[in-house]
Structure formats: structure tokens, C-alpha cells
Amino acid sequence: MTLSRLAELAADPSASFVLIARDGSDTVELLTGDVLDVDLLADIPLTIDGAAREIFTMVPYRQVRERGFVAQDDGAPLRCIVVDEHLHLPTDGLLAELPTAAVPLRDGGFDIADEEYAAIVETVIADEIGRGEGANFVIRRDFTAEIDVDDRTAALTWFRALLTHERGAYWTFAVVTPGHIAVGASPEAHVVARGGVVTMNPISGTFRHPAGGATKETLVDFLSSTKETEELFMVVDEELKMMSAVCSDGGRITGPHLKEMSRLTHTEYMLRGRSTLDPRDILRETMFAPTVTGSPMQNACAVIRRHERKPRGYYSGVAALFTPNAEGGHDLDAPILIRTVYLQDGSLSVPVGATLVRHSDPHGEVSETHGKAAGVLGAIGAIDRDEAAEAREDADAPAAPQSLAADPTVTALLASRNARLADFWLNPQGDGFTGPFSGASAIVVDAEDRFTTMLAHQLRHLGLDVTIRAWGDVDDAELDSADLVVAGPGPGDPRDIESARIARMREVVSRRIEARAPLLAVCLSHQILSHSLGIALVPLDAPHQGLQKAVPVFGEDASIGFYNTFTARVVPGSVRAETAEVSADPETGDVYALRGERFASVQGHLESILSRDGIRTLERLVSHALA
């Protein structure tokens, strides 16, 4: 009966339905209902006529505008299906009913030629990362083709192929609505909220299985890559910013693990924390994954707007299922929309992106997009599959990454990554703090880098009552009333006097200094403070984006994470500049920290997971500023 229901839906061009196969389940869920397009996440109708309803939603990338970020607007709808029917179909039975005939592609190829894409990569590295606009950015290109088969038939054919040939996907899904069809196997749960616990799953680093299958040697080479390791750390930092915004306990990281799929293997961490927010608010505050946008998030959206040639549609958005729970609220399950094929009027599109960092090789990033597209196209059977590279669990298949994950060398390599990370974020965090600065208030001024949410959490851990205010919203009265002002980090050139944001951060810093009121300045604001003290600001020869360094901080060596393109620099050996004591690199003169009468500053990000001595150093600097 249930299988015939799917056949009935597939034959009706006006019907809308969703198929979901969750990792580890032996059933496929079939959701049906009416389509409702809404404008904002707050408009998603979790209750209708007083009754809680289950809602499936496709959230397009353009919704980042709800967070005040820029995006090309293609009008992709925030599409909801109000679920009237939720069935569980046996996977084996469904496979027997779904179409199997191959769906040939014609006129296939990337919408941006390889050399053009490589040139875009070079530009982003030089002009964006090189100017301090951020640590990493994801620029996408699309593989496109035409088909001569009905879109719905193609979608069901490819969904069957994914069920048969893909493994390790968090969700394998098909979303069929009039005018918009998507089929995919997402490896990544972007955000999940159940029973007051929020989980995020940052995944980064891509190992494309070589022809003939993976070996221990090839996997170890991948895991030993500095680029791949630092990419993952930067993504974890970015998602911890989101976790700290929605979770009272800041979020704890566990891992790393291998995420094994048929043709690709990724590395991942898990982040968990507690929250009482409405799930729609959780979804808004976590739009979208840095693995497909970049960091810092707000500026990543601006970089995407400058360098991508067309809107993103649903790529890098999420599919979200809101399910009523026993507590009277809704649970949220929202995988990221990657590894997905989009169909519209006989045209196929597979968007893929590469994460660009300071030491990216443009042609290597071109190859990564080819690998990701091939992973999707091979899984749906649109191109020939390398059965050995997929390494399925057949008796005749060669060793798979799954069997290699337990290898002692692989296990040790993964575990060794955490030795570089801050215990603060690896250990459980409470949400009631009685630290050394209890009773004092602090305003953290956000200069468009949400590292401020992590910084605020650490300050609360030290006992401060903390409020975060955007640079354009905080007024002078607020600044004057706070016991401590923390002028935060942000992207851009600290010397840019034409920038309203830089100008306002200069005012914030100078106002506190002139009033001799406690101030802590971080990263960009540290550079601004340095400049106000007559210290030169210069661009680094190579940006320090996601770089961990052991540096002197007033008598103690500290392991700190850096995300900076510019630095304050004194003559090597200098220990003072005007009214400030200087802690600098003895060879280069790069200034790591300053302190003076009721102020302190630091170039690095003490809140980063890369700052093993972050909380200790933060307490020392705050203590000096408040003394």
C-alpha cells in the first residue's frame, strides 16, 4: 500500500513529497503535504490553528540576509511542506520499485572553465585573504548538463542509485516539488536540536579515494597534510562561534573522526551544547556552514558576492525537518545542502566548492572541485563508477577507508590533532559562572567577526556579566557605563580611514584610553590601539590565518591562535612604546601584546581552539585592565 502511494505521487506533476534515508536506518521516510512558501524563518508555521505541525523546509542561501549579510537574490523560495503524511517504507522493498534505467547526460561540463576558476582562486587569495578580509573562503562552480528524461523519473532513479552505491551519508534524500527538485547524499548534519541539546558537525578536509581504492599510505598522507588539518581547525572555530551564540554552555568539541563515503573521506568534529532557543532562532543564528562559505562569516558572504558569478540557489543552505516533541516544542534536524543534484525543466546542476586558504594551490583547488563533482555524478550513476575507489563492503572489494580507520597509525594521527587544541573547549563547560571577576560588567564590541561570541563565553566563565554589541549599534553611554570594554576583532585593513567600521572602532578605543577606563583590545582593535600609540602597522609577508604560535606575553610563553594579515611592529628588542609596555617577537618586532594604565591588548585570538593558553592569558590581561 505504501509503495503504491509513492508511485501515485511520482505520477502526479502537482504533488510534492520528500524521501529521506537516514544513516543507519533500514527504512526510507516518505513525507507528503501541501507546499507553503514563506519569507522568513520566523514565518515557518510550527503551529497551525493551535496544533503543532511537522514541517519540512528547504532553506536557500539567500536567507543569510536575515542575519544582515549580503547575497545575490535569485528568488529561490524558502519552501515548506506542511507534513500530512509521514510513512516509513522498507528500504529493500522500495529499491525494487524505484526506476533503474540509466539517465544519460548530454552537454555536460563546468559553467566556469578550469583556468578561469584557477584565476578566481588566485584573486581571492591575493586580494581577499591577502588584504585581511578573512581566513578562508569557499568559491563554488557548477557542473551542468541536460537530460531527456522526466525530472521526477530522473530524481527517483538517482535516489535509488544513492541508496545502492553511496555510504556514510547523514541523509540521502529526494525533494520533489513543482519547479524545484533536489536529490543528494549529504555527509553533514549542519545543526541538530533535540531535548535542549544542540549538535553541530563541522566537516573539512577532502580525501578523494585513488583509482583502485584507498591504502593506509594514501590515507596517512592526507591526514598528515598541514593544509587539511588547519582547514578543519578553522571550520571548528567558525562553528564554535555559532554554538557560543545559541548555547548557554558555549559548546564542547569531541573528535576528530573520519567521515567515510563511497568515493571521498572527510575529517570531522562534533560540537555539543545546551540551548533553550526556538529551533527557528537556532537555525537563523547558524546560517550557514563555514565549510561552504568561509570565515569570518559576514565577510565571507561579501567575498562570495564579489567573486561568484551567479546566485547560489539552495547550495550551502539546509534542508530542515521540524518535528513536534513531547515537551511541546519542536526538534530540529538540518543537514547541509551539499553533494546534491538540482533538476529543473530538464537541466541538471551540481554545485561544488573548494575552501581557499592562504597556502591554497589554485590548480589543486580546481582538482578538488572535479573530485567532488565526480563523487556526486558517480554515486548517481551519471558517470562510470570506480567500484574499487568506492570500496564497498563486498567480499571481493579491496580494503576500504572504513577498515583503515582502526589502524593504529591512523588513530594516532587523528588523536594527535587534539594535543594542539585548547582544553577549555575540549572539556565540559557549565553555564553558571563564579569566576575571579564576578560582579563586573563588560561590553564586547563586535567588529564583524563573531569570535566575539566565544570571547564573551570565556569572559562569562571568568565571572563577568557580558553584553555583545555591534560596532554600529553601541552608543557612547553604553561604553562609558561598562566596567570593561572589549574592543573585538574583525576583518580588513586597520589603516583604512575610509571604512566606517574601522573609524568607529578607533573611536571606541580612543574613548576608553582617554577616560582611563578599563579596555581590552583584540586583534584588529589591538592594531588600532597600537597605531594610536605611534606603533607602525604593516602587512605580513604571509597572512597568519589559522596559525598557532608560541609567543611571549609579559613574562610567560603562551600558545595562541592567530588570524591576522596585518601586524603592529616595533624595533626588535623594544619593550615600551609611549605609555605602553610591549611584548613583541625578539627577532621581527611583531607586537603580540600591549599593556598600560588600565588597558591591555593582544594580537592573537585567545578564544580560538588553537589557543591552548587562551583562558589563562585572557585572565591575566583582564586582571591588568581592571586593576
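The values are calculated or read from the model by the stated rules, or taken from the named source; none is laboratory data. Because the structure is a prediction, the values reported are computed rather than measured. When we count neighbours, we look across all protein chains shown, and the Cβ atoms used for this are built from the backbone with ideal geometry, even at glycine.
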Please list, ordered by residue number, the helices (runs of 4 or more DSSP H) wholly in segment 405-473 having 3 or more residues that are assigned by TED's automatic domain parsing to the domain that holds residue 619 and within 19 Å of residue 270 (Cα to Cα). 451-461
Flag if residue 33 is of a type outside the set (A, V, I, L, M) and on the phi > 0 side of the Ramachandran plot: yes
Residue 71 in contact with a helix residue (DSSP H, G or I) (Cβ under 9 Å, 6 or more places away or on another chain) and free of Cβ contacts under 8 Å to residues at least 60 places away in the same chain: no
Filter segment 337-366 for residues that are in a strand (DSSP E or B) and in contact with a Lys or Arg (Cβ under 7 Å, 6 or more places away or on another chain) and give the result. 351, 352, 353
Specify which of the listed residues (269, 314) is under 23 Å from residue 31 (Cβ atoms) and aromatic (Phe, Trp, Tyr). 314
Can you tell me which residue within segment 187-199, out of those that are modelled with pLDDT under 95 and crowded, with 23+ Cβ neighbours inside 10 Å, is farthest from residue 335 (Cα to Cα)? 187
Subset of segment 498-517 [part of a loop (DSSP other than H, G, I, E, B) and exposed (fewer than 14 other Cβ atoms within 10 Å of the Cβ)]: 498, 515, 516
Across segment 184-225, what is the number of residues that are in contact (Cβ under 8 Å) with a residue 60 or more places away in the chain and either in a helix (DSSP H, G or I) or under 13 Å from residue 265 (Cβ atoms) (or both)? 16
Is there a residue being surrounded by fewer than 18 Cβ atoms within 10 Å (Cβ to Cβ) and not aromatic (Phe, Trp, Tyr) anywhere in segment 350-362? yes
Considering each residue of segment 254-270, count those that are assigned to a strand (DSSP E or B) and either modelled with pLDDT of 95 or more or small (Gly, Ala, Ser) (or both), and give that number. 1
Got at least one residue in segment 525-536 being under 15 Å from residue 588 (Cβ atoms), without any contact (Cβ under 8 Å) to a residue 12 or more places away in the chain, touching a strand residue (DSSP E or B) at 6+ places or on another chain (Cβ under 9 Å) and surrounded by fewer than 24 Cβ atoms within 10 Å (Cβ to Cβ)? no
Single unsatisfied condition, residue 331 versus (1) under 18 Å from the mean Cα position of the chain (by Cα); (2) closer than 21 Å to residue 172 by Cα; (3) of a type outside the set (S, T, N, Q); (4) surrounded by fewer than 20 Cβ atoms within 10 Å (Cβ to Cβ): (1)
Of the numbered conditions (1) closer than 30 Å to residue 228 by Cβ; (2) out of contact with any Asp or Glu (no Cβ under 9 Å at 6 or more places or on another chain); (3) surrounded by 14 or more Cβ atoms within 10 Å (Cβ to Cβ), residue 408 fails exactly one; give the number of that condition. (3)
If I ask for residues that are assigned to a loop (DSSP other than H, G, I, E, B) and closer than 18 Å to residue 279 by Cβ, which ones from segment 40-59 would you list? 40, 44, 45, 46, 53, 54
Tell me, which residue of segment 599-610 that is closer than 15 Å to residue 528 by Cβ and hydrophobic (A, V, I, L, M, F, W, C) is surrounded by the fewest Cβ atoms within 10 Å (Cβ to Cβ)? 599
Restricting attention to segment 543-598, and to residues there that are under 26 Å from residue 228 (Cβ atoms) and β-branched (Val, Ile, Thr), which single residue is surrounded by the fewest Cβ atoms within 10 Å (Cβ to Cβ)? 551
Look through 62, 67, 79, 53 and report the one residue that is surrounded by 12 or more Cβ atoms within 10 Å (Cβ to Cβ) and over 24 Å from the mean Cα position of the chain (by Cα). 53
Members of segment 144-175 that are in a helix (DSSP H, G or I) and not aliphatic (A, V, I, L, M): 151, 152, 153, 157, 158, 159, 160, 164, 165
Could you tell me whether residue 314 is in a loop (DSSP other than H, G, I, E, B) and among the aromatic types (Phe, Trp, Tyr)? yes
Considering residues of segment 444-461 that are aliphatic (A, V, I, L, M) and in contact with a helix residue (DSSP H, G or I) (Cβ under 6 Å, 6 or more places away or on another chain) only, the residue farthest from residue 512 (Cα to Cα): 454
Hey, among 33, 75, 50, which residue is closer than 17 Å to residue 313 by Cβ and of a type in the set (Gly, Ala, Ser)? 75
Kindly indicate which of 483, 446, 541, 493 is touching a Ser or Thr at 6+ places or on another chain (Cβ under 7 Å) and either within 30 Å of residue 236 (Cβ to Cβ) or without any contact (Cβ under 8 Å) to a residue 24 or more places away in the chain (or both). 446
Taking segment 275-296 and keeping residues assigned to a helix (DSSP H, G or I) and either surrounded by fewer than 24 Cβ atoms within 10 Å (Cβ to Cβ) or in contact with a strand residue (DSSP E or B) (Cβ under 7 Å, 6 or more places away or on another chain) (or both) leaves 279, 280, 281, 282, 283, 284, 285, 291, 292
I'd like the full set of residues that are within 17 Å of residue 333 (Cβ to Cβ) and among the acidic types (Asp, Glu), limited to segment 269-313. 278, 281, 285
